[in-house]
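In what follows, a single structure is set out as structure tokens and then discussed.
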Amino acid sequence: MAGNKADEFFGFGAWNEGGGCDEKVLVEEPSMSQYILYRLAINESLQDIIKECVFLRRKIPNFVCVNVRARDGKGFFKQQKGHSACFARIVAGAEAADNIAKEFHHRMIVDGAKIAFFMQNEDIYMRRCIELARKGEAGAPPNPMVGAVIVADRRVIGEGYHVRCGGPHAEVNAIGSVSDADRGLLKRSTLYVSLEPCAHYGKTPPCAELIIRMGIPRVVIGCQDPFARVQGRGINMLREAGVEVVVGVMEEECRYLNRRFITFHEKRRPFITLKWAQSRDGYIDHWRTPDDGEAPAQLSTPHSQIAVHHLRARHQAILVGHHTLTLDCPQLTVRAWAERELVRVVLGRVEEGELPAGWQAFADTETLLQSLWRQGVQSLLVEGGLRTLQTFIDGGLWDAAQAELSEVVLGSGVPAPRMPRGVETKLVSCFGAKFLLWDNN
């Protein structure tokens, strides 16, 4: 049946099996004279969606709300998992539903059933921008990750992202992806972009100038660029040229995407991530001295090491304390994930001849962070011992923290750092290992 096929396509499963519902009696399978509308809401309550459906029912002939359910999306909407998603499956008369669908973003036919799905405002395209932007995680830094989508007549005609630093920006790649057949649509299109288009000449020309030259009449921006040479200048350039500009769609998510870049420019220091591994009974190592010659406690596994090296690869610099340097002389590489060099840093007073070639040493955190900021280092991963980690925690000098939770029991040793109360935590699994995450940004 067409409706069931559509449900399958969107990954909703059988709608008549449990779940919240504002109708006691479910309608029969919709005919070709009807539309199925899928209403997707992010961070809205189930009751809000039900109220909206009740309002629509009063206004639209032959309108039936089949089911409203709060659930994680799968299938087409799998990227919405963990975002408090609510879905409504609605059936309405074709003419009335077509009028609704015209106001929203996507319509299609799935096995003969007319389908429309829609979200509040313009979230669906901005969510796609964020999804595209993440593809530049390895190549874009120290530039921000940016994604762009071009929509005309409720159809995506182009999209792109910033692939690598020094290369074309997301807007350029999105415009370049538009086919010859669709080039004429640019003059009545909307460009969605996760970060404000640049307005200055750097390694590439200003994106705002290109948008104006292409005649794109409307631009929707996720968040303003905090970089001093942009900071609203791109928005102003577009508006002065007569372009309609909307700013702040999914702003929190867009800022979070580039939290390292934004922290660097707004706080004038690197984004700081703390990382350690702890035993099942809460220790990060045995008590050791350089004279013991004892190896560190083995708390990571080959699989969890991949996750740790991926974390390292997302930072520009990595730091240990002087005690860790003298005990272990760590390599601090990303060999299990990628071939790239990190800026390697030691915190503490280092004697002449102790510092490995190419490393930097700093006596205190203030000097350290000022120097890294002047060097343009946007992100710092701290992998020190207890004293080093606790110094950053107690000083409020951290934005994120990650503890690998090992199954190994040590019985005694160096305790794990003490995290402040009230900071939100999240337990995740990656490569078969469990990690506890803190977010302070």
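Determine which member of the set S412, S429 is farther than 29 Å from I262 by Cβ and open to solvent by 60 Å² or more (accessible area, probe 1.4 Å). Let's see the steps before the verdict.
Working: S429 fails: farther than 29 Å from I262 by Cβ.
Residue meeting the stated conditions: S412.
Consider P205 against the criteria (1) part of a loop (DSSP other than H, G, I, E, B); (2) closer than 14 Å to P144 by Cβ: it satisfies all of them except one. Which criterion is unmet?
In the conditions (1) part of a loop (DSSP other than H, G, I, E, B); (2) closer than 14 Å to P144 by Cβ, P205 misses (2) alone.
Can you confirm whether T365 is of a type in the set (V, I, T), surrounded by fewer than 20 Cβ atoms within 10 Å (Cβ to Cβ), closer than 25 Å to E266 by Cα and touching a strand residue (DSSP E or B) at 6+ places or on another chain (Cβ under 8 Å)?
On the way: of a type in the set (V, I, T): yes; surrounded by fewer than 20 Cβ atoms within 10 Å (Cβ to Cβ): yes; closer than 25 Å to E266 by Cα: yes; touching a strand residue (DSSP E or B) at 6+ places or on another chain (Cβ under 8 Å): yes.
The answer is yes for T365.
Show the residue pairs meeting these rules: Cβ distance below 7 Å; 6+ apart or different chains; first residue within region 293-308 and more than 23 Å from V428 (Cα to Cα); second residue assigned to a helix (DSSP H, G or I).
P296/D328
Scan region 162-174 and give yes if some residue there is acidic (D, E), exposed (fewer than 15 other Cβ atoms within 10 Å of the Cβ) and outside any strand (DSSP E or B), otherwise no. If you could, list the steps in order and put the result at the bottom.
If we filter region 162-174 for residues that are acidic (D, E), which is where we start, we get 171.
After this cut, where a residue has to be exposed (fewer than 15 other Cβ atoms within 10 Å of the Cβ) as well, the list is none.
Within region 162-174 (the criterion being acidic (D, E), exposed (fewer than 15 other Cβ atoms within 10 Å of the Cβ) and outside any strand (DSSP E or B)), the answer is no, since none of the residues qualifies.
Quick one: E252 ticks every box in (1) in contact (Cβ under 8 Å) with a residue 24 or more places away in the chain; (2) within 21 Å of the chain's Cα centre (by Cα) bar one, so which box is it?
Going through (1) in contact (Cβ under 8 Å) with a residue 24 or more places away in the chain; (2) within 21 Å of the chain's Cα centre (by Cα) one by one, E252 breaks only (1).
Restricting to region 377-403, name every residue that is part of a loop (DSSP other than H, G, I, E, B), open to solvent by 30 Å² or more (accessible area, probe 1.4 Å) and touching a strand residue (DSSP E or B) at 6+ places or on another chain (Cβ under 9 Å).
Residues satisfying the conditions are E383, L397.
Name, by its number, the condition in (1) closer than 18 Å to I235 by Cβ; (2) within 27 Å of the chain's Cα centre (by Cα); (3) in a loop (DSSP other than H, G, I, E, B) that does not hold for V178.
(1)
Considering V382, V423, V377, V346, which residue is farther than 22 Å from I262 by Cβ and among the aliphatic types (A, V, I, L, M)? Working first, answer last.
Working: V382 fails: farther than 22 Å from I262 by Cβ; V423 fails: farther than 22 Å from I262 by Cβ; V377 fails: farther than 22 Å from I262 by Cβ.
When all the criteria are applied, what remains is V346.
Only one residue in E209, E240, E251, E266 is charged (D, E, K, R) and in contact with a strand residue (DSSP E or B) (Cβ under 6 Å, 6 or more places away or on another chain). Which one?
E251
Would you point out the residue of region 208-233, among those that are within 14 Å of A148 (Cβ to Cβ) and in a loop (DSSP other than H, G, I, E, B), that is modelled with the lowest pLDDT?
For region 208-233, the residue satisfying everything is D225.
Considering only residues that are farther than 26 Å from R154 by Cα, surrounded by fewer than 22 Cβ atoms within 10 Å (Cβ to Cβ) and within 18 Å of the chain's Cα centre (by Cα), which ones fall in region 215-233?
P226
Determine whether region 348-363 contains at least one residue that is assigned to a loop (DSSP other than H, G, I, E, B) and farther than 30 Å from E294 by Cβ.
So far as region 348-363 goes, no, none of its residues is assigned to a loop (DSSP other than H, G, I, E, B) and farther than 30 Å from E294 by Cβ.
The values are calculated or read from the model by the stated rules, or taken from the named source; none is laboratory data. Since the structure is predicted, the reported quantities are computational estimates derived from the model, not experimental observations. Ideal geometry is used to build each Cβ from the backbone, glycine not excepted, and the neighbour counts take in all protein chains shown. The protein model used for the area step is the full one, side chains on, heavy atoms only, and it has no ligands, DNA or RNA in it. Shrake-Rupley method; radii C 1.70, N 1.55, O 1.52, S 1.80 Å.
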